[in-house]
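Note sheet for the following structure.
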Amino acid sequence: MDRSRLRELLARESADAERRNPRSRAAYARADHLFGRVPMTWMNKTAGAFPRYLAAARGARVTDVDGHEYIDFCLGDTGAMAGHSPDAVAAAVHTRFAELGGATAMLPTEDAEWVGAELTRRFGLARWSFSLTATDANRWAIRLARAVTDRPKILVNSYCYHGSVDESLIVVGPDGHGTARPGNVGAPCDVTLTSRVAEFNDLDQLERELSHGDVAAVLMEPALTNIGIVLPEPGYLAGVRELTRRSGALLINDETHTFSAGPGGCTAAWDLEPDMLTIGKAIGGGIPAGAYGLSAELAELLLGRDDLDLVDMGGVGGTLAGNALSVAATRATLEHVLTDEAFAGMAKLSERFEAGVRACVERRKLPWSVSRLGARTEYRFADPAPRTGTRSAAAADAELEDYLHLYLANRGVLLTPFHNMALMCPATTERDVDTHTEVFDAALAELAG
Ligand code: PMP
C-alpha cells in the first residue's frame with residue numbers, strides 16, 4: 001500500500017469533514033466543562049478531529065446537527081441493534097414512564113418474569129437477574145462464580161473485551177504468560193493476582209492455565225467480537241466446555257455482541273452449555289439494560305448459602321438494576337422487535353454486506369479478510385482471518401481505518417468507531433447495504449490511485 005497516498009487522502013477527508021460539519025465542530029470547541037470535551041472519554045475515538053453530534057435517529061438512520069443523514073451500521077456498537085427508537089419500545093417506554101409513571105420505585109413489575117421466561121426460551125439458562133450494563137452483568141457473574149467455587153481467579157481470552165471489568169484487562173505477553181493490557185487505567189492490583197489468560201482457539205494454553213486449579217470461571221465470548229471477529233475453530237468451544245468441567249471452573253458466555261448470531265446468540269445457535277450467560281446493550285432496545293442467567297442448580301446452590309449477602313451489602317446489585325422502565329423496554333424489544341423472524345432478515349442482509357465487501361477486496365487483491373457472525377460483519381487487514389486475539393490486534397492499521405471511516409461518513413455511511421464492523425437492524429434495507437458497497441469500493445479505488 002502506498003502510505004503517502006493514504007496520508008494525503010486521509011488529510012483530504014479530514015478537511016472535508018471539518019468543512020461539512022461546522023456545528024459539530026463548534027459544539028466540540030465549546031465543551032470546556034467536559035472531561036476530554038465529550039460526555040464519555042471514549043467518544044474521542046472518532047476518525048477526524050471531533051465527533052459528529054447527534055440530532056436525531058430512527059431505525060437504521062442517524063441525523064447529525066449539521067443536517068447530514070447517515071445509514072447507521074454502527075448502531076451504538078450494538079446498543080441499537082433493534083434499530084433506533086423502534087415503535088414498540090417507544091410505546092412501552094412512554095406507557096411505563098409517562099402514563100403509568102415509575103421508573104425507579106424499588107418494586108418489581110410483572111414484565112420481569114416475562115423477560116426471564118423469554119431469556120430462558122432463547123438461551124436455555126433457567127434463572128435470570130438484571131443489571132443496567134453488560135459490564136455489571138459480568139462483574140456480578142464473576143462474584144457469584146468466586147463465591148460458589150471458592151477460587152480466586154477469572155480466565156479470559158487475550159484481547160477480549162467484557163466492559164470495564166478489572167479481571168479482564170489481561171493479555172498474553174511475548175513470553176506466553178499473562179500481563180496487564182497496555183494502557184489499563186488505575187488497576188487495583190497486579191492483574192495476574194486476579195486473572196489468567198489464554199489465546200482464543202488455543203486449547204493447550206487453556207488446559208495449562210486451568211491446571212493450577214485456582215480458576216473460578218472462564219469468561220468468554222463464543223466468538224471474539226471486539227478485536228475484529230475471531231470465529232471459533234471446529235471443536236474449540238466443545239474443548240473449552242470439556243476442560244472447564246474437568247477442572248471445576250464455571251463457564252460464562254458473554255453474549256452482549258454475539259447476540260448477533262441469532263435470537264439466542266451463539267449459545268443457542270451452536271448448542272453451547274454455559275453455567276452462566278451475560279448480556280447487555282441490545283436487549284433494552286436503546287434503554288440501559290443488562291442481564292445474567294444461571295443454571296437452576298447454580299441458582300439453588302447460591303440461594304442456599306446463608307453466608308452470602310445477596311440481598312443487601314454483598315456486592316451484587318445496583319439500585320436501578322431491574323427497574324420498571326428498563327424491564328418494560330426489554331420486554332418490548334424481545335417481544336416485538338428482535339424477534340426470531342427479525343434475526344433471519346438481519347442475517348440475510350449481513351450476508352449481502354459480506355459478499356459486497358468480499359467482492360471489492362478480492363477484485364483488488366487486497367490481503368484482507370471478512371468475517372461474519374449472523375447480523376454482524378467485520379473486515380480485518382489480514383488474510384487469512386486471524387485465529388487469536390493477539391494476531392488480530394497485530395493486524396490493526398489506525399490510518400487505514402480512519403481513512404475508510406471518514407470516507408464513508410463524509411458520504412453518509414457510519415461504521416463503528418472501534419471496529420470495521422457493520423451491524424444490521426430490522427430496519428436496514430438491501431439498498432442501504434448496496435450503498436455501503438458502492439462507497440467502500442470508491443474508497444478503495446481512490447486508494448489504488
Ligand atoms: N461485553 C462485551 C462482549 C462487549 O462488547 C461490551 C461492550 N462493547 C461489554 C461487555 C460492556 O458493555 P457495557 O459498556 O454496556 O457495559
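Values for this structure:
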| quantity | calculated |
| --- | --- |
| Residue within segment 365-384 that is more than 22 Å from Ala261 (Cα to Cα) and of a type in the set (D, E, K, R) present | yes |
| Search result, residues across segment 253-285 that are more than 14 Å from the ligand (Cβ to nearest atom) and at negative phi | Pro263, Gly264, Ala268, Ala269, Trp270, Leu272, Glu273, Asp275 |
| Hey, Leu298 away from the ligand (no atom under 16 Å from the Cβ) and out of contact with any helix residue (DSSP H, G or I) (no Cβ under 6 Å at 6 or more places or on another chain) or not | yes |
| Helices (runs of 4 or more DSSP H) fully within segment 357-449 counting 3 or more residues that are in contact with a helix residue (DSSP H, G or I) (Cβ under 7 Å, 6 or more places away or on another chain) | 398-409, 430-448 |
| Test for Pro232: is it away from the ligand (no atom under 14 Å from the Cβ), touching a Phe, Trp or Tyr at 6+ places or on another chain (Cβ under 6 Å), assigned by TED's automatic domain parsing to the domain that holds Val327 and at pLDDT 95 or above | no |
| Hey, Thr416 under 18 Å from Lys45 (Cβ atoms) and either hydroxyl-bearing (Ser, Thr, Tyr) or modelled with pLDDT of 95 or more (or both) or not | yes |
| Residues of segment 34-80 satisfying the condition of being among the charged types (D, E, K, R) and more than 16 Å from the ligand (Cβ to nearest atom) | Arg37, Arg52, Arg58, Arg61, Asp64, Asp66, Glu69, Asp72 |
| Selection from segment 186-239 of residues that are free of Cβ contacts under 8 Å to residues at least 40 places away in the same chain and at positive phi | Gly186, Gly235 |
| Total residues in segment 8-43, condition touching a residue at least 24 places away in the same chain (Cβ under 8 Å) and of a type in the set (D, E, K, R) | 6 |
| Odd one out for Gly116, checked against (1) out of contact with any strand residue (DSSP E or B) (no Cβ under 8 Å at 6 or more places or on another chain); (2) assigned by TED's automatic domain parsing to the domain that holds Ala324; (3) modelled with pLDDT of 95 or more; (4) at negative phi | (1) |
| Residue in segment 193-229 that is nearest to Gly389 (Cα to Cα), counting only those that are over 21 Å from the mean Cα position of the chain (by Cα) and either part of a loop (DSSP other than H, G, I, E, B) or in the same structural domain as Leu373 (by TED's automatic domain parsing) (or both) | Asp202 |
| Scan of segment 109-158 for residues that are away from the ligand (no atom under 16 Å from the Cβ), assigned to a loop (DSSP other than H, G, I, E, B) and under 27 Å from Leu206 (Cβ atoms), ordered by number | Gly124, Leu125, Ala126, Asp150, Arg151, Pro152 |
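The values are calculated or read from the model by the stated rules, or taken from the named source; none is laboratory data. Being a predicted model, the structure only gives us computed values, none of them experimental. Heads up, the Cβs are rebuilt from the backbone with ideal geometry, glycines too, and the neighbour counts pull from every protein chain shown.
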